[in-house]
Every structure is written in structure tokens, then in C-alpha cells.
């Protein structure tokens with residue numbers, strides 16, 4: 001069975017020339033959205049994905065704006081709203097040491113270096129200089145963990161375990 005990985009969600013159209021607004025969920029927008037890249041559109045009411053080839057990409061505010069080959073009118077892409085853009089596992093490239101795909105990190109259990117259970121990672125935010133992991137705490141509270149060397153000490157994706165050394169105030 002094929003595995004698919006989220007790249008982004010189409011939230012709206014932009015203009016009248018077939019451009020769509022995407023909320024990105026990838027660490028590699030320059031690779032995923034470059035001209036010629038293949039993305040697959042999954043929609044709720046469709047039984048199979050639609051293969052799309054990226055024609056152009058640009059950033060606008062907090063969105064990635066994409067056009068697809070052969071689709072140059074708003075009427076051709078309007079039905080794409082709320083669709084999820086994905087890539088197949090065969091499209092995943094090899095990462096360098098210390099780099100991870102989101103799907104490898106999401107779901108990992110987080111513990112302190114003293115063995116205290118913090119919770120599990122449910123989402124990854126990419127606000128700027130470093131990623132921020134959103135942890136659903138064992139007591140129900142959300143905890144934000146910056147992905148920086150001073151805090152994240154060990155990542156074991158095979159065993160879905162991450163060891164952190166929390167700085168003062170991080171867990172309170």
C-alpha cells in the first residue's frame with residue numbers, strides 16, 4: 001500500500017489566472033513547489049488523487065502561491081479548495097544527519113533527561129529561525145518545545161522517543 005505525506009492544504013484561489021493559496025506543511029517548500037515538481041491533490045469526495053505539475057511558485061504573506069501546468073483560469077482550480085497536496089513516499093529524498101521529516105517527529109514521545117514524561121508531539125510549527133514542536137502534555141496542557149540543540153538532546157525516530165533538557169520555565 002502506498003504511503004502519502006502532506007505537503008500543504010489549498011485554502012483558496014488567488015486572482016483569476018489559476019493561482020491557489022497553500023498553507024504549507026513541508027520543511028522543503030523550495031523542493032516541493034519548484035517548477036516541474038509533481039504533487040497529488042486529495043479531495044474528500046474524490047476516490048483517487050489528481051496528479052498536478054507545479055508551473056510556478058511564489059510567497060505572499062503567510063501563503064505559498066502555486067499555479068499548475070494546464071490550469072490557467074480560476075474556474076479550473078476553484079474546486080481544489082480544501083484539498084490536501086501530498087507526495088508519495090517514493091518522492092522523499094534522503095536527509096542529512098540530524099535532519100528529519102515531519103512524519104518521523106510527529107507522534108514521538110518526549111521525556112526529560114531525568115526520565116519525566118512530557119507528552120507526545122502532535123504538530124510542528126515553522127515560524128522562523130527554528131521549528132517549534134507542539135507537545136500534547138500528559139496533563140492535557142500544550143507545551144511548545146523549540147527544536148534547538150540546547151534543549152533537544154536525543155532523537156530516536158525508530159523508537160519514537162525524544163529526550164530534552166528543559167530550560168527554566170519551559171514546562172511551567
From 39, 52, 95, 125, residue being in contact with a helix residue (DSSP H, G or I) (Cβ under 8 Å, 6 or more places away or on another chain) and either closer than 22 Å to residue 171 by Cα or outside the structural domain of residue 148 (by TED's automatic domain parsing) (or both): 39
Please tell me if residue 77 is farther than 30 Å from residue 161 by Cα, touching a strand residue (DSSP E or B) at 6+ places or on another chain (Cβ under 8 Å) and crowded, with 19+ Cβ neighbours inside 10 Å. yes
State which residue is nearest to residue 9 (Cα to Cα) when the search covers only segment 59-69 and only residues that are surrounded by fewer than 17 Cβ atoms within 10 Å (Cβ to Cβ) and modelled with pLDDT under 95. 62
Checked segment 13-28 for anything surrounded by 15 or more Cβ atoms within 10 Å (Cβ to Cβ) and under 18 Å from the mean Cα position of the chain (by Cα); matches are 20, 21, 22, 24, 25, 26, 27, 28
Looking at (1) in contact (Cβ under 8 Å) with a residue 12 or more places away in the chain; (2) over 19 Å from the mean Cα position of the chain (by Cα); (3) exposed (fewer than 14 other Cβ atoms within 10 Å of the Cβ), which is the one condition that is false for residue 72? (3)
Within the group 40, 5, which residue is in a strand (DSSP E or B), within 25 Å of residue 162 (Cβ to Cβ) and in contact with a strand residue (DSSP E or B) (Cβ under 8 Å, 6 or more places away or on another chain)? 5
Take the conditions touching a residue at least 12 places away in the same chain (Cβ under 8 Å), part of a strand (DSSP E or B) and surrounded by 11 or more Cβ atoms within 10 Å (Cβ to Cβ) and apply them to residue 31. Does it pass? no
Among 127, 166, which is assigned to a loop (DSSP other than H, G, I, E, B) and either surrounded by 14 or more Cβ atoms within 10 Å (Cβ to Cβ) or in contact with a strand residue (DSSP E or B) (Cβ under 9 Å, 6 or more places away or on another chain) (or both)? 166
Positions within segment 141-160 being outside any loop (DSSP other than H, G, I, E, B) and within 18 Å of residue 99 (Cβ to Cβ), in sequence order: 145, 146, 152, 153, 154, 155, 156
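The values are calculated or read from the model by the stated rules, or taken from the named source; none is laboratory data. Note that the coordinates shown come from a computational prediction; the quantities given were computed from them, not determined experimentally. Cβ atoms come from the backbone with ideal geometry, glycine included; neighbour counts cover every protein chain shown.
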